[in-house]
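*Asks:* There's a structure below that I have some questions on.
Nothing in this text is a laboratory measurement; each read-out follows from the coordinates by a stated rule. Just so you know, these numbers come straight off a predicted model, no measurement behind them. Here the Cβ is made from the backbone with ideal geometry for all residues, glycine too, and neighbour counts use every protein chain on show.
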Amino acid sequence: MECARIFTNNPAVGAAYPDATHWVEGNVRDVFVAVRDAVHRGARLLSHPLCGSVKPWESPYRSVWVLARQGALDFASLRLIEGAMAVSGRPWPHHAHYDASIREDYQLIDLELMKSAIKNSDK
Amino acid sequence: MKLEVGEIIIKDIQFGPGTEVKNGTLHINKQELEKITGADERIQSVEAFLARPGESVRILPVKDVVQPRVKVEGKGGIFPGFMAGVEQVGEGRTHVLKGAAVVTTGKIMGFQEGIIDMSGPGAQYTPFSQTQNIVLKIEPVEGIKQHEHEVVVRLAGFRAANYLGEAGKAATPDNVKTYETLPLLQQVAQYPNLPKVAYVYMLQTQGLLHNTFYYGVDVRQIVPTIMYPTEIMDGAIVSGNCVSACDKNPTYIHANNPVIEDLYAEHGKTINFLGCVITNENVTLADKERSSNMTAKLVEFMGADAVIISEEGFGNPDADLVMNCNKIEAKGIKTVLITDEYAGQDGASQSLADSTPLGDACVTAGNANEVLTMPPMDTVIGYPEVAHVIAGGWEGSLAADGSITAEIQVIIGATNELGFGKLTAKAM
């Protein structure tokens, strides 16, 4: 069975799309690993794992829209998620110094880009 | 389509009683400029500052840079779809205050980047340390959300630039350049023995704070289309892109796109420059597939032998760049790619998120992860506290003495992928 899911560690996305969220506890790297594992099981990416010009090592939040399914490996999806991981973690940063308002801004931008993806596909 | 661009060289800027150009100096009525810039009920206050090359001044966070221009002859006005109607532009005569720039500063998100240093080591990385800058610090009314804040500051910058541009209407240009592109079949026939070259102009269009507009339309919503290159010189493309200071294209750089400038310089000599295809960089893979299919179709339809493709941004758009390259090459059309790199602070890491063996002619505008220390400046215009959390920095980037140590991605235009900067990178 196929279903579109948003792999995310962003609470704002979880709140906006509660029925479509695949929640990942952890940082951006953990989200990418979860997506990569799903791709190995046959999932296909619907959105690019790197969203916008916000660098993956700068934002504590990431959402990736995925068509979850079991089946043959989609090599294009694998290349994109592996590419995203390759440019993301060097070294994996800590965002402990971000205050609540900075975190909210990063959540908002990730949410808005996800909305933009879903809206464009609804047309 | 033929456009004459009259360049009025601005060597100095001064506040004074009236707004006019006299002997290479742009005199500005500060109150009038602030009033016109702030003519929006969503703006609480506007304050204008002047920043000249060589001064000990830092501007941050920079939202956009806009060049003052004015339409002297021909249809339409500068920034169609925003400041003028939607008439086709790119024809007739336009005057430019060359050397002057409107710089808008506004803290839209908490993690804002975008630094211009007017002197010191940071100044060497931004083209806007060499311009006479009219800096506008724009404060919106309370409670405005990020989307609207971006719109408010963007439009305020255009109002300011057009107000100053009017001062160039009556001035006599120091030099006049003429650019002409004929309708396609005539253009092909004009130089039948030269290779036909098109330009694929990729625009950042992913959503909040990542927007670019063509005649007022959000480019995210378009399928790729053909553009006369002269249209950009009248502001047909404007930036609503606030993220990734080093490799976004401010409105100023769109209007002065050096790829188009250089293609015109070779037009009729070594190449036949056919025109531009503008395309987007969207979030979903289906959008990316559709737009790259359309782009490849259009350059084939134009009969191009070769194309230059420029990217805007990093990461996600690398996929668009690779798709455009693969699909255009598959049609037997040669490609040259322009990008920048995030190769790690030591330059040794994978520098793009995607790649293709067909991308064998690639120009890079530098490594955005390169680290630089920018000493303190006497004056900081804008919001100096954002340096604490600046994207491209880290905890401790702002030292107690006011110096900033960060990656050059925080500097406006440092690795601009239209080649407006001075950097490149080479394989060792």
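*Asks:* Using only the Cα atoms, what convex hull volume per residue in Å³ does chain B have?
*Replies:* In chain B, the Cα hull volume divided by residue count equals 136 Å³.
*Asks:* Now for a separate question. List, largest first, the extents of the alpha carbons of the protein assembly as shown along their principal axes, each in whole Å.
*Replies:* Reported extents, whole Å, longest axis first: 70, 62, 47.
*Asks:* A follow-up question, please. Give the average, rounded to an integer, of partner chain Cβ atoms located within 10 angstrom of each Cβ in B:279-291.
*Replies:* 5
*Asks:* Compute the Kirkwood hydrodynamic radius of the range B:174-330, taking the inverse of the mean of 1/r over all pairs of distinct Cα atoms, and give it in Å to one decimal.
*Replies:* Taking every pair of different Cα atoms in the range B:174-330, averaging 1/r and inverting gives 15.8 Å.
*Asks:* What number do you get for chain A when its Cα radius of gyration is normalised by 2.2 N^0.38 Å, N = residues?
*Replies:* 1.00
*Asks:* Summarise the long-distance tail of P(r) for the range B:137-229 by giving the % of C-alpha pairs beyond 24 Å.
*Replies:* 53 percent
*Asks:* If each DSSP helix of 4+ residues adds -39,500 (n - 2.57) and the sum is divided by the residues in the protein assembly as shown, what number results at 222 nm, nearest 500 deg cm²/dmol?
*Replies:* -8000 deg cm²/dmol
*Asks:* Moving to a separate point now. I'd like the trypsin sites (Lys or Arg not before Pro) in the range B:112-158 restricted to DSSP loop residues with at most 15 other Cβ atoms within 10 Å, sorted by number.
*Replies:* Sparse-neighbourhood loop trypsin sites (Lys or Arg not before Pro): B:Lys145.
*Asks:* As a test, work out the antiparallel percent of DSSP beta bridges whose residues both lie in the range B:285-428, rounded to the nearest 5.
*Replies:* Given both bridge residues lie in the range B:285-428, the antiparallel proportion sits at roughly 35 percent.
*Asks:* In a Debye calculation with equal point scatterers on the alpha-carbon sites of the range B:255-337 and no solvent, what is log10 I(q)/I(0) at q = 0.11, 0.12, 0.15, 0.25 Å⁻¹?
*Replies:* Debye curve over Cα of the range B:255-337, log10 I(q)/I(0) at q = 0.11, 0.12, 0.15, 0.25 Å⁻¹: -0.30, -0.35, -0.55, -1.29.
*Asks:* Per the Kirkwood treatment, what hydrodynamic radius in Å, one decimal, follows for the range B:1-159 from the mean inverse distance over all distinct Cα pairs?
*Replies:* One over the average 1/r among Cα pairs gives 16.6 Å for the range B:1-159.
*Asks:* When DSSP assigns beta bridges and you keep just the ones with both residues in the range B:186-303, what percent turn out antiparallel, to the nearest 5?
*Replies:* For the range B:186-303, the DSSP antiparallel bridge percentage is about 50.
*Asks:* For peptide B:316-324, how many partner chain Cβ atoms fall within 10 Å of a residue's Cβ, on average?
*Replies:* Shielding by partners across B:316-324 averages 4.
*Asks:* What does the charge count around B:Val62 come to, taking other residues whose C-beta lies under 13 Å from its C-beta (Lys +1, Arg +1, Asp -1, Glu -1)?
*Replies:* Every neighbour counted, the sum reads +3.
*Asks:* Just add up the charged neighbours of B:Val96: K/R +1, D/E -1, any other residue whose Cβ is under 13 Å from the Cβ of B:Val96.
*Replies:* Every neighbour counted, the sum reads 0.
*Asks:* In the range B:223-327, which trypsin sites (Lys or Arg not before Pro) are in a loop and have at most 11 other Cβ atoms within 10 Å, using DSSP for the loop call?
*Replies:* B:Lys269
*Asks:* How much of the DSSP bridge set in the protein assembly as shown is antiparallel, in percent, rounded to the nearest 5?
*Replies:* Just about 50 percent of them are antiparallel.
*Asks:* Another one. List the GluC sites (Glu not before Pro) in the range B:364-428 that DSSP assigns to loop (not H, G, I, E or B) and whose Cβ has at most 13 other Cβ atoms within 10 Å. Which are they?
*Replies:* B:Glu395
*Asks:* Another question, then. Points 7 angstrom from Cα along the Cβ direction at A:Glu82 and B:Lys35: gap in nanometres?
*Replies:* Label-label distance for A:Glu82 and B:Lys35, simple model: 6.4 nm.
*Asks:* Could I ask something else about it? Considering the Cα positions of the range B:353-428, please state its Rg to one decimal place and its Dmax as a whole number of Å.
*Replies:* 15.5, 49
*Asks:* Which helices count as membrane-span-like in chain B under these terms: full DSSP H, at least 24 Å along the axis by C-alpha, Kyte-Doolittle mean of 1.6 or more?
*Replies:* Both cut-offs are met by no helix.
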